[in-house]
Amino acid sequence: MAFAALASLNAGGRKFRSAMAALGLLTSSAVLVHLSGGTIEMHFHFFVIVGVLTLYEDWLPFLLAIGYVVVHHGLIGSLSPETVFHHPAGQAHPWTWAGIHAGFVLAAAAAYVVSWRLTEQARAQVAESSLRLAESEERFRGAFENAPIGVALVGLDGGFVRVNGSLCRMLGRSEDELLATTFETITHPDDLVRSREAHRQLLAGDIGTLRLEKRYVRPDGDAFWAQLSASTVYDDPGRPLYWVTHVEDIDQRRSAEAHLREAERKYRLLVEQVPSVVYTAEYGESGRWYYVSPRIESMLGFTPEKWLADPDLWYERMVPEDRERAMADDARSRTTGEPLRSEYRLRSRDGRVVWVRDEAEAVLDDEGNPVFHHGILVDITLQKEAQNSVERLAVALEGRVIERTAELEEANQELREAKEVAERANRAKSEFLSRMSHELRTPLNAILGFGQLLETSTLSPDDDESVQQILKGGRHLLDLINEVLDIARIESSKLSLSLEPVSVDDVIREVTDLVLPLAAERGIELRGPSPDPSCFLLTDRQRLKQVMLNLLANAVKYNHEGGSVTVFYHDDRPDRLSIWVTDTGPGISQEDRERLFIPFHRLGAEQRGVEGTGLGLALTKALVQAMNGSIGVESEVGRGSSFWVSLPRTEAPEPSHDHKAPSGTFAPLSIRGRTVLYIEDNPSNHTLMERLLVDRLDMRLLTAIQGRMGLDLAREHAPHLIVLDAHLPDTSGQEVLSGLRADPVTRETPVIVMSADGSPGQMRRMMTAGANAFLTKPLDVKLFLETVAEALAPRDLARDRE
Ligand code: ADP
């Protein structure tokens, strides 16, 4: 039943089969016990079967077997003890015997269970350790194969036993190639001896682990540096089996190291050759110095080692007076982290005082606190000495400057005073010259005026000769006065020039016309320049005439009878023109040429009886220079002289439609009986005027010796003409003129102004104030009479002439 039930429960299952087998075996044991009549030996059959089932290591058959024995012995042993317990006592006490048997069975079962569990544990341990071994083997293999560096097992003969992929790649060989070779064949020949020796030492046990930097050679001959580490693997008794080696390609590392070394060498050289001490040190008077460059020795006499060994040295060598300041600078940099800038003195080992400038940058820790500083100590002793001497010099210089300034101030004061004196003197000179001119011209006016009057009268030849002498002397004196005055004006910068475009052709023609009579007199030929009507000079027309007249007159005066004078132009530069006057005279020696332009140097001309003042060339030069020009002379003694004047050129002026000035030739008009008012303070001039106008022309003459009196007379008598002197005792001629023009009676009356001052400025002022003509003293009788006639000409006739 039970079998059928079990079979139906798990037919075909493993458990079912083992349970069936166990029950079958025990049943056969029970049958054997019964068949043997319960002999003890047959009972052991049970134990054996239980033991066998134990080996099966399955609780189900084991417990079934135990249960079977217990049930069998309990049931059969008590029901039929003689078939179970062979012993007679068993029949008497079947339960006792059944109990004993059960005890045995249980004890055996317990023993079996214990042995079973132990076996199981032992087996689990074995399984676990083999698992671990496999894992470790796997790990080793993985580590070996995947190691990023080359790994190899090398036999003691040097042949490769096992190699990993990294090594193959590194050495450029396949695994098979490597396994067929030894480490020696792939070692660089230069490293072979070292390599062998190292392996020998390793093998001999002199070293535990071999470390060697050596070169390997790839099949293409390319060598590379590698770091080799090797250690020996021993067996149990301690015999060496093989080497485990690690090979790392350090080519890049070595070249990086080489670069690094090179860079480090360069920086070291740089630091060491800086002509100052470079350092790294902690702050404070006993701060540790980490580095100091070798310059410290030449600067202070201490070797870097000595300096670094003694942290107090820096403070000790500092000149005591500088310590407080230097330490304050040091502390400031340490607390603020700002760069250190300090100057102090250090005493060198041999006692010299060395001025240093200490400049350092703080190095901060993670919290930003300065921990030490990198700096530089610059020897500034020479600079300080120079500075000191400069300061000393500066002080000395300052003293001298003050002294000199005082002297200069004094000199300036003297100069100012001298200048004032000179200016006063100059003013005085000008005033004197002006006064002298007036004073000299007034009598000259009489001399020349009366002389001219006499000249026109019928005289005996002797008297005529005398009159001519008077006139000649007077004119010479007049020339002299004019030239002296001109030179004085130029020197005191009072010469007024009116620079305007002047046709050089016009000027030369006019001047040539003037000189022509004199030249003709001496049989001298005058050759004019080729006309250049487009050429205009920026100059003062009158003064240029004066200059050219002087040069031409000289060329005629100082020439041989029958000689020649040539005038020509030369373009030195596009903006200038030179006018040359060349004569065939005696020429001027080099020595004389140097004195030519000095006033009153006539170079012996006076002895030769040539008339002149000795002022012409001096004045000419001054005038040319005042007109922005230059003058020069070239001469060859015996052949003649060439004077040249160079002046700035300018553009031609716009054509002007101004009316021309009255020409000087007048139609003979009847002026008899006309009234002339002469306002003049000099009585001799009154007389002269009387002779001229009353005696000769039968005119009526009114005279006034003062300006105001003149104005009254003019209003009262309404004269036909007024002749007005510019210098009057009570008022100026200009004011009188204005008064005349303001009065309806005299507004239209012609006025001829006569002045000893013939400057263009004076003339312009008078003409602007309303004068009809301006004449200079001394009087040119002919010109005066012409001007009078012109002034009295009927308006319409005058207009016609214009
Ligand atoms: P002046 O003619 O009134 O004596 P200048 O100043 O004009 O004064 O001339 C100074 C001197 O230079 C003259 O006295 C004369 O000896 C000399 N001199 C000037 N021009 C010539 C010349 N063309 N040839 C030779 N000598 C000259």
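The values are calculated or read from the model by the stated rules, or taken from the named source; none is laboratory data. Worth saying up front: this structure is predicted, and the values here are computed from it rather than measured. Virtual Cβ from ideal backbone geometry, glycine too; neighbours counted across all protein chains shown. Please note that ligands, DNA and RNA were not included when accessible areas were found on the heavy atoms of the full protein model with its side chains. Shrake-Rupley method; radii C 1.70, N 1.55, O 1.52, S 1.80 Å.
For the chain, with all protein chains present and a 1.4 Å probe, just round the carbon and sulfur fraction of the accessible area to a whole percent. Numbers along the way, then the final one.
Working: 24910 of 44510 Å².
Carbon plus sulfur share of accessible area: 56 percent.
I need the shape label for region 523-652. Rule: rounded when a/c is under 1.5, else prolate if a/b > b/c, else oblate, with a, b, c from the alpha carbon gyration tensor. Mind showing how you got there, number by number?
On the way: a/c = 1.95, a/b = 1.46, b/c = 1.33.
Judged from the Cα gyration tensor, region 523-652 comes out prolate (a/c at least 1.5, a/b above b/c).
Between helix 760-769 and the chain there is an angle of about 80 degrees, using the helix long axis and the longest principal axis of the Cα atoms. On C-alpha positions alone, give me the angle between the axis of helix 707-717 and the longest principal axis of the chain, in degrees, nearest 10. In the chain, helix 707-717 runs at an angle near 60 degrees to the longest axis.
Among the chymotrypsin sites (Phe, Trp or Tyr not before Pro) within region 549-641, which fall in a DSSP loop and have no more than 12 other Cβ atoms within 10 Å of their own Cβ? List each step's numbers first, then the result.
Values: sites: Y558, F568, Y569, W580, F597, F600; in loops: Y558, F597, F600.
In loop regions of region 549-641 (DSSP not H, G, I, E or B), the sparsely surrounded chymotrypsin sites (Phe, Trp or Tyr not before Pro) are F600.
Charge dipole of the chain (Cα centre as origin; +1 on each Lys and Arg Cβ, -1 on each Asp and Glu Cβ, all else neutral): 1660 debye, rounded to the nearest 20.
Near R196, within a Cβ-to-Cβ distance under 13 Å, what is the net charge of the other residues, with Lys and Arg +1 and Asp and Glu -1? Taking every other residue near R196 into account, the sum is -2. The long axis of helix 192-204 is offset from the longest Cα principal axis of the chain by roughly 40 degrees. Pairs K557/K777; K494/K621; K494/K782; K429/K557: which exceed 22 Å Cα-Cα? Distance filter (> 22 Å) returns K557/K777; K494/K782; K429/K557. If you add up the charges near E145, with Lys and Arg at +1 and Asp and Glu at -1, over every other residue whose beta carbon is less than 15 angstrom from its beta carbon, what do you get? Result for the neighbourhood of E145: +1. Classify region 449-566 as rounded, prolate or oblate from the Cα gyration tensor: take a ≥ b ≥ c as the square roots of its eigenvalues, call it rounded if a/c is under 1.5, otherwise prolate when a/b beats b/c and oblate if not. Since a/c reaches 1.5 but b/c is at least a/b, the shape of region 449-566 is classed as oblate. The distance separating the Cα centre of region 324-354 from that of region 443-491 comes to 98 Å. When you restrict to C-alpha pairs under 8 Å that are six or more residues apart and normalise by the size of the chain, the relative contact order lands at 5 percent. Solvent exposure of region 505-658, expressed per residue, is 51 Å² of accessible area, with all protein chains present and a 1.4 angstrom probe.
Tell me the per residue accessible area of region 301-363 using a 1.4 Å probe; a whole number in Å² is fine.
53 Å²
Put +1 on the Cβ of every Lys and Arg and -1 on every Asp and Glu Cβ in region 78-232; which of I149, L178, A102 then has its Cα farthest towards the positive end of the dipole? The Cα lying farthest towards the positive end belongs to A102.
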